[in-house]
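The values are calculated or read from the model by the stated rules, or taken from the named source; none is laboratory data. Note that this is a predicted model, so its numbers are computed, not measured. Using ideal geometry, Cβ is built from the backbone for each residue, glycine included, and neighbour counts are taken over all protein chains shown.
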Amino acid sequence: MDFEKLLSNNRAWAQLRVDEDPDFFNRLAGLQSPEFLWIGCSDSRVPANQITDTQPGEIFVHRNIANLVVHTDVNLAAVLDYAVNILKVKHVIVCGHYGCGGVRAAMTRTDYKAILNKWLRNIKDVYRIYQEELDAIEGEEARADRLVELNVREQVMNLAKMSTIQRVWKNENRVHLHGWAYGLKNGYINPILHLPPNTPIDPLYEYEDL
Ligand code: CO
């Protein structure tokens with residue numbers, strides 16, 4: 001497909017929106033008040049709005065390879081801060097997906113060179129935490145699928161370890177954390193875990209002076 005097709009598609013799409021609802025863009029341009037922050041994989045097959053059948057304005061989105069929550073990632077930290085404290089979202093969703101190329105790559109010993117190695121290293125660290133369980137699983141695909149789920153779990157836990165989340169939990173009893181895994185083969189989202197506000201976490205990561 002040529003890039004110009006994207007632009008002509010866009011014009012047709014915008015026209016159709018106005019035909020259906022003349023106020024569509026005026027309403028959207030006026031206010032953004034999404035209730036959800038989506039932290040998903042950059043994979044082109046997992047578009048947040050389409051798989052949840054939601055409209056522009058409903059989900060604030062951050063995506064990276066293998067939907068990682070890395071506490072030193074300034075990009076993610078800024079998105080999270082803005083979504084939680086300015087947009088005041090009620091839910092933060094980490095959505096991984098079965099068949100994730102990033103997760104599969106992290107299970108190999110391939111050298112993907114400097115920067116990708118660094119990123120994938122975060123997934124290898126998740127593997128190490130659950131090594132006993134994962135090594136016992138027969139079959140590469142089943143093991144990768146389980147690592148997708150465990151990776152989602154760890155990334156949700158990483159959110160709970162951040163002071164941004166702990167502060168809004170303590171002061172406003174707000175923000176539910178969710179971990180989901182999307183199936184490329186059937187289109188279904190599998191809910192993995194849900195941490196309501198003020199779920200107890202490992203005291204090692206708990207801040208007391210929030
Ligand atoms: Co992926």
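From the set of residues in segment 76-131 that are basic (Lys, Arg) and in contact with a helix residue (DSSP H, G or I) (Cβ under 9 Å, 6 or more places away or on another chain), which is surrounded by the most Cβ atoms within 10 Å (Cβ to Cβ)?
Result: Arg104.
Is at least one residue of segment 148-167 closer than 23 Å to His71 by Cα, touching a Lys or Arg at 6+ places or on another chain (Cβ under 7 Å) and surrounded by fewer than 20 Cβ atoms within 10 Å (Cβ to Cβ)?
no
Among the residues of segment 26-43, which ones are within 13 Å of the ligand (Cβ to nearest atom) and either in contact (Cβ under 8 Å) with a residue 40 or more places away in the chain or over 23 Å from Ala77 (Cα atoms) (or both)?
Correct list: Ile39, Gly40, Cys41, Asp43.
Which of the numbered conditions does Val84 fail, given that it passes all the others? Conditions: (1) touching a Ser or Thr at 6+ places or on another chain (Cβ under 8 Å); (2) under 25 Å from Leu120 (Cα atoms).
(2)
Taking only segment 151-175 into account, find how many residues are assigned to a loop (DSSP other than H, G, I, E, B) and among the aliphatic types (A, V, I, L, M).
Total satisfying the criteria: 2.
Between Pro200, Pro191, which is outside any helix (DSSP H, G or I), modelled with pLDDT of 95 or more and in contact with a Phe, Trp or Tyr (Cβ under 7 Å, 6 or more places away or on another chain)?
It is Pro191.
Mind listing whichever residues of segment 1-40 are hydrophobic (A, V, I, L, M, F, W, C) and assigned to a helix (DSSP H, G or I)?
Of everything in segment 1-40, those that are hydrophobic (A, V, I, L, M, F, W, C) and assigned to a helix (DSSP H, G or I) turn out to be Phe3, Leu6, Leu7, Ala12, Trp13, Ala14, Leu16, Val18, Phe24, Phe25, Leu28, Ala29.
Scanning segment 44-75 for residues that are more than 16 Å from the ligand (Cβ to nearest atom) and within 20 Å of Leu120 (Cβ to Cβ), which turns out surrounded by the most Cβ atoms within 10 Å (Cβ to Cβ)?
So, considering only residues that are more than 16 Å from the ligand (Cβ to nearest atom) and within 20 Å of Leu120 (Cβ to Cβ), the one surrounded by the most Cβ atoms within 10 Å (Cβ to Cβ) is Asp73.
Which condition number in (1) over 17 Å from Asn158 (Cβ atoms); (2) free of Cβ contacts under 8 Å to residues at least 12 places away in the same chain is the one that Ala78 fails?
(1)
Residues of segment 93-112 being out of contact with any Gly (no Cβ under 9 Å at 6 or more places or on another chain) and away from the ligand (no atom under 14 Å from the Cβ), which ones?
Thr108, Arg109, Thr110, Asp111, Tyr112
Considering only residues that are within 10 Å of Phe36 (Cα to Cα) and among the aliphatic types (A, V, I, L, M), which ones fall in segment 57-72?
Within segment 57-72, Ile59, Val61 qualify.
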